[in-house]
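Working notes for the structure below.
The values are calculated or read from the model by the stated rules, or taken from the named source; none is laboratory data. As the structure is a prediction and not an experimental result, all values here were calculated from the model. Cβ atoms come from the backbone with ideal geometry, glycine included; neighbour counts cover every protein chain shown. Accessible surface areas use protein heavy atoms only, side chains included; no ligands, DNA or RNA. Shrake-Rupley method; radii C 1.70, N 1.55, O 1.52, S 1.80 Å.
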Amino acid sequence: GAVVSQHPSWVICKSGTSVKIECRSLDFQATTMFWYRQFPKQSLMLMATSNEGSKATYEQGVEKDKFLINHASLTLSTLTVTSAHPEDSSFYICSARADYNEQFFGPGTRLTVL
Amino acid sequence: AQTVTQSQPEMSVQEAETVTLSCTYDTSESDYYLFWYKQPPSRQMILVIRQEAYKQQNATENRFSVNFQKAAKSFSLKISDSQLGDAAMYFCVLRTSGNTPLVFGKGTRLSVIA
């Protein structure tokens with residue numbers, strides 16, 4: 001299947017700093033990208049949906065000013081956690097959907113905020 | 001609204017035996033897809049099997065098969081000849097038509113006993 005990469009795979013930051021996570025579709029163009037958050041032993045929780053060139057659609061309860069999503073090209077989406085706090089520590093997963101409607105998942109990014 | 005219910009938080013199976021994971025869903029759409037995804041300890045989401053709602057025949061992928069009961073809105077996963085590498089969290093996932101997000105169940109954690 002197609003490959004979706006995420007970078008970094010693991011990041012530790014100090015409280016109050018911002019962290020950017022990149023999601024790339026390596027061998028296909030992603031018309032839509034999704035960002036999920038996953039707490040230990042829980043399911044994936046959708047944070048937002050982004051289409052290339054347009055603003056992201058955030059799920060209810062997700063702060064758009066805190067979790068900035070940019071989908072600047074058909075192969076790249078970024079999630080920036082602004083002014084991170086310990087409660088933002090989590091596992092973040094991106095997923096990219098191709099024109100032919102298959103959806104592929106990145107390997108995830110573990111964020112730890114001290 | 002679409003929902004997916006996995007009523008078994010945890011399951012265990014002896015190596016080489018067969019296990020069935022349950023899933024029920026609800027949607028008013030007539031056109032949809034159902035998936036089982038596996039998330040091993042690496043946390044990479046892996047597609048196990050997919051089923052198109054318009055197909056009556058149950059999908060099969062090697063040792064993995066589904067029992068799709070459309071009228072009952074049931075979509076169970078059977079794993080035959082279980083292997084140690086099958087140990088993971090399994091998510092039942094629904095996707096309706098259009099560019100809509102996936103709907104995840106809460107997951108079933110499968111342990112395989114040697």
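Assess whether B:Tyr90 counts as being over 28 Å from A:Leu111 (Cα atoms), touching a residue at least 12 places away in the same chain (Cβ under 8 Å) and in a strand (DSSP E or B). In short, no. Taking the criterion of being without any contact (Cβ under 8 Å) to a residue 40 or more places away in the chain and either within 13 Å of chain A (Cβ to nearest Cβ) or closer than 12 Å to B:Ile79 by Cβ (or both), the residues of region B:6-44 that qualify are B:Ser42, B:Arg43, B:Gln44.
For the criterion of being within 14 Å of chain A (Cβ to nearest Cβ) and in contact with a Cys (Cβ under 9 Å, 6 or more places away or on another chain), B:Phe104 passes.
Taking B:Ser30 as the residue in question, decide whether it is of a type in the set (S, T, N, Q) and at pLDDT below 95. Yes, satisfied. Within region B:53-70, identify whether any single residue is of a type outside the set (Lys, Arg), more than 11 Å from every other protein chain (Cβ to nearest Cβ) and touching a Pro at 6+ places or on another chain (Cβ under 9 Å), and answer yes or no. No: zero hits. Of everything in region B:93-106 that is buried (at least 19 other Cβ atoms within 10 Å of the Cβ) and in contact (Cβ under 8 Å) with a residue 12 or more places away in the chain, the residue that is nearest to the chain's Cα centre (by Cα) is B:Val93. Return yes when A:Glu52 is open to solvent by 30 Å² or more (accessible area, probe 1.4 Å), of a type in the set (Asp, Glu), touching a strand residue (DSSP E or B) at 6+ places or on another chain (Cβ under 8 Å) and more than 27 Å from B:Ala88 (Cβ to Cβ) and no when it is not. Yes, satisfied. Residues of region A:1-40 that are under 22 Å from B:Pro41 (Cα atoms), within 14 Å of another protein chain (Cβ to nearest Cβ) and either open to solvent by 30 Å² or more (accessible area, probe 1.4 Å) or not in a strand (DSSP E or B) (or both): A:Gly1, A:Ala2, A:Val3, A:Ser5, A:Ser9, A:Trp10, A:Phe39, A:Pro40.
Looking at A:Thr82, A:Thr112, just one residue is over 25 Å from B:Arg95 (Cα atoms), of a type in the set (S, T, N, Q) and in contact with a Cys (Cβ under 9 Å, 6 or more places away or on another chain), and that residue is A:Thr112.
Does A:Thr112 satisfy the criteria of being at pLDDT below 95, under 26 Å from B:Tyr37 (Cβ atoms), outside any loop (DSSP other than H, G, I, E, B) and in contact with a Ser or Thr (Cβ under 9 Å, 6 or more places away or on another chain)? So A:Thr112 fails the test. Give the residue that is farthest from B:Thr3 (Cα to Cα), with candidates limited to residues of region A:41-53 that are within 12 Å of another protein chain (Cβ to nearest Cβ) and small (Gly, Ala, Ser). Ranking the candidates gives A:Ser50 first.
When region A:59-109 is limited to residues that are closer than 19 Å to B:Tyr37 by Cβ and open to solvent by 30 Å² or more (accessible area, probe 1.4 Å), the one that is farthest from the other protein chains (Cβ to nearest Cβ) turns out to be A:Tyr100.
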